[in-house]
1. Determine, yes or no, whether SER160 is part of a loop (DSSP other than H, G, I, E, B), among the polar types (S, T, N, Q) and either farther than 24 Å from SER72 by Cα or modelled with pLDDT under 95 (or both).
2. Which of the residues that make up the range 216-253 are small (Gly, Ala, Ser), without any contact (Cβ under 8 Å) to a residue 40 or more places away in the chain and part of a loop (DSSP other than H, G, I, E, B)?
3. Filter the range 1-27 down to residues that are in a helix (DSSP H, G or I) and of a type in the set (S, T, N, Q) and give me whichever is nearest to the chain's Cα centre (by Cα).
4. Out of all the residues in the range 280-328, which are touching an Asp or Glu at 6+ places or on another chain (Cβ under 7 Å) and either part of a helix (DSSP H, G or I) or among the polar types (S, T, N, Q) (or both)?
5. Go through the range 97-150 residue by residue and tally those that are assigned to a helix (DSSP H, G or I) and free of Cβ contacts under 8 Å to residues at least 24 places away in the same chain.
6. Would a scan of the range 136-151 turn up a residue that is among the charged types (D, E, K, R) and either surrounded by 23 or more Cβ atoms within 10 Å (Cβ to Cβ) or under 18 Å from the mean Cα position of the chain (by Cα) (or both)?
7. May I ask you to list the residues in the range 254-279 that are assigned to a loop (DSSP other than H, G, I, E, B), at pLDDT 95 or above and within 12 Å of THR87 (Cβ to Cβ)?
8. For the range 191-215, name all the residues that are outside any helix (DSSP H, G or I) and in contact (Cβ under 8 Å) with a residue 60 or more places away in the chain.
Amino acid sequence: MKAILNHLYEYKTLSKEQAKNILIDITEDKYNPAQVASFISVYIMRPIHLEELEGFREALLELKKEVHLDASNAIDLCGTGGDGKDTFNISTISSFVVAGAGYKVIKHGNYGVSSICGSSNVLENLGYQFTTDESRLNQQLEDANICFLHAPLFHSAMKSVAPIRKQLGVKTFFNLLGPLVNPVQPKYQSVGVFNLKVARLYEQILSKINREYQIVHSLDGYDECSLTGDCKLISKKHSKTLHPNKINMPLLKQEELFGGKTIEDAATIFKNVLNNTSTPAQKQAVLVNSALAIQCFDFNKPFEDCIAEAKESIESGKAFTSLKKLTL
């Protein structure tokens, strides 16, 4: 590791193969925690390069725990996190709205590292039991239209570095990897990123694989469509900027999206949105992100129709029913 660190400290980059091999070595505990922390910290101080990200992604997918689910007509809604905005769990709630609208969702997620409450935190609080049991996950997907894959159970590398990431308490390149390494690689993906540089990296990676995707970044720094200003959308079909006024949505304020100070606060907001008892701003943010995910299945579908499907999912109780079925 000493040679690797010196190489990186000289502002040099890694090839895809080097990056892949280093991450495999990390999972095999070939380096001590201080060395791993130093390695991770390099990418806090400088942007990750495409080949490095591709190498890290290949390592995680090669080492993943196998699980066989039908991913051919399923979607993952996931954000990188790390935007420092302390929003409520918009993409995770949207996952249940999309499931309630009749689409299959295979959600990949983890505990919060740079935030108080990640998707795994809130779902665990709501009673979901993480599992790698294939038959159980398939049954959840059949009954609730959604199942959840807790990243540390499927990626040994994520599990091995979790204590170091938690102690660092800031976003790392593992934030960037999370949305790229869903163990079953669903065909459809709606993914939020925290800046435009990451959006471009994702576009290069996702365009190479058999994926229908929409990359979402609000230009004031959110890794989702926050409705607080312009939002950049990138897919195979388009690259455009969306403003709330263009989709008949109000302009929201940052404080209206605050996720609370505890996991319990986050869980309360979660249930309120799915129960249709949330604030208007919370519901609107979820509706637009749910609609963006629904649109991934058919980019020719008018966006107002996607909004209508998401709205019906919440107001009919179907979204909340998906949550109840998953947490039984």
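The values are calculated or read from the model by the stated rules, or taken from the named source; none is laboratory data. The structure displayed is predicted, hence computed values, not measured ones. Virtual Cβ from ideal backbone geometry, glycine too; neighbours counted across all protein chains shown.
1. Details: part of a loop (DSSP other than H, G, I, E, B): no; among the polar types (S, T, N, Q): yes; either farther than 24 Å from SER72 by Cα or modelled with pLDDT under 95 (or both): yes.
No, not satisfied.
2. Kept after step one, since they are small (Gly, Ala, Ser), are these residues of the range 216-253: 218, 221, 226, 229, 235, 239.
Applying the additional criterion that residues be without any contact (Cβ under 8 Å) to a residue 40 or more places away in the chain yields 218, 229, 239.
Within the range 216-253, just GLY229 meets the criteria.
3. Start the filter on the range 1-27 by keeping residues that are in a helix (DSSP H, G or I), which leaves 2-9, 16-27.
Going one step further and asking which of them are of a type in the set (S, T, N, Q), we end up with 6, 18, 21, 27.
On the way: ASN6: 32, GLN18: 26, ASN21: 25, THR27: 22 Å.
Here the residue is THR27.
4. Keep residues of the range 280-328 that are touching an Asp or Glu at 6+ places or on another chain (Cβ under 7 Å), which gives 281, 289, 294, 296, 325.
Passing the criteria: ALA281, ASN289, ILE294, LYS325.
5. Step one: of the range 97-150, the residues assigned to a helix (DSSP H, G or I) are 97-100, 119-125, 134-144.
Those left that are additionally free of Cβ contacts under 8 Å to residues at least 24 places away in the same chain: 124, 135-136, 139, 142.
The qualifying residues number 5.
6. From the range 136-151, those among the charged types (D, E, K, R) are 136, 142-143; that's our starting set.
Then keep just the ones that are either surrounded by 23 or more Cβ atoms within 10 Å (Cβ to Cβ) or under 18 Å from the mean Cα position of the chain (by Cα) (or both); that gives none.
Looking for residues that are among the charged types (D, E, K, R) and either surrounded by 23 or more Cβ atoms within 10 Å (Cβ to Cβ) or under 18 Å from the mean Cα position of the chain (by Cα) (or both), one finds none in the range 136-151, hence no.
7. Across the range 254-279, there are no qualifying residues.
8. Filtering the range 191-215 for residues outside any helix (DSSP H, G or I) gives 191-195, 207-215.
Answer for the range 191-215, where residues must be outside any helix (DSSP H, G or I) and in contact (Cβ under 8 Å) with a residue 60 or more places away in the chain: VAL191, GLY192, VAL193, PHE194, GLU212, TYR213, GLN214.
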